[in-house]
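Let me begin by presenting the structure, written as structure tokens, before commenting on it.
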Amino acid sequence: MEELIKIQSELKAPKNLYNSFGKYKYRNAEGIMEAVKPLLKKYDCYLTMCDDIHMIGERYYLRATATLVNKDGKSVEVTALAREDDNKKGMDGSQVTGTSSSYARKYALNGLFLIDDTKDADTDEYKIESDAKTKKGSNAKAPALEQAIVECNAATSMDALMQVWNSHPDLSKDKDFLLAMSTKKKEFQK
């Protein structure tokens, strides 16, 4: 879709928020959507977001889907997952789901518009992963690998699978990730 290529090349979604506790800048889904609105109008497209809940294993995951549709009705869809934390202190169930929705939507938009967030430190998950990297003998790739495999297994099309692949360049040589990608790819080739 030609409009998507133009939007991806023109979109500027700055990290306009600041986490004073962690001392870093970050962007959220709302900031991305605000930045993309003028380009949607310019290229006569619209964007929709929707969420649904999936049980994977014994955990609930929120799947956010970002869909870009042009004036001819052609569409591109990207999904992202976020796991609901079962013991987030100080939050009720709806707040936990809302947090998961925001996180998943942000990463669906990142995938759709090719926004690179690999250096963003805007989430608890990033802190957990960073802390794991500093511990001796820990497998720091484990949380990222687990998330990547979940995303791979949840892909509903070859395009979505390619988005998962492109979202995890650091895992491109990991044997478990490659196996998950290969297995899912074979499902789509049947």
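The values are calculated or read from the model by the stated rules, or taken from the named source; none is laboratory data. Here the structure is a predicted model, which is why all the values come from computation and not from measurement. Using ideal geometry, Cβ is built from the backbone for each residue, glycine included, and neighbour counts are taken over all protein chains shown. Please note that ligands, DNA and RNA were not included when accessible areas were found on the heavy atoms of the full protein model with its side chains. Shrake-Rupley method; radii C 1.70, N 1.55, O 1.52, S 1.80 Å.
In a residue-by-residue description of segment 23-32, the property of being at pLDDT 95 or above and of a type in the set (D, E, K, R) applies to no position.
Out of everything in segment 7-24 that is outside any loop (DSSP other than H, G, I, E, B) and touching a residue at least 40 places away in the same chain (Cβ under 8 Å), what residue ends up being nearest to residue 150 (Cα to Cα)?
Applying the first criterion (outside any loop (DSSP other than H, G, I, E, B)) to segment 7-24 yields 7-10, 17-19, 24.
Among the residues that remain, those that are also touching a residue at least 40 places away in the same chain (Cβ under 8 Å) are: 7-8, 17, 19, 24.
Working: 7: 28, 8: 26, 17: 28, 19: 28, 24: 28 Å.
Here the residue is 8.
Of all residues in segment 151-190, those that are in contact with a Lys or Arg (Cβ under 8 Å, 6 or more places away or on another chain) and closer than 17 Å to residue 56 by Cβ total 5.
Name every residue in segment 154-190 that is of a type in the set (D, E, K, R) and either in contact (Cβ under 8 Å) with a residue 40 or more places away in the chain or open to solvent by less than 80 Å² (accessible area, probe 1.4 Å) (or both), in order of residue number.
So in segment 154-190, the residues of a type in the set (D, E, K, R) come out as 159, 170, 173-176, 184-187, 190.
Matches in segment 154-190: 159, 170, 174, 176, 184.
The listed residues are 92, 85, 122, 117, and the only one of them that is within 10 Å of the chain's Cα centre (by Cα) and at pLDDT below 80 turns out to be 117. Can you find even one residue in segment 58-69 that is at pLDDT 95 or above, open to solvent by 20 Å² or more (accessible area, probe 1.4 Å) and within 19 Å of residue 10 (Cβ to Cβ)? No, every residue in segment 58-69 fails to be at pLDDT 95 or above, open to solvent by 20 Å² or more (accessible area, probe 1.4 Å) and within 19 Å of residue 10 (Cβ to Cβ).
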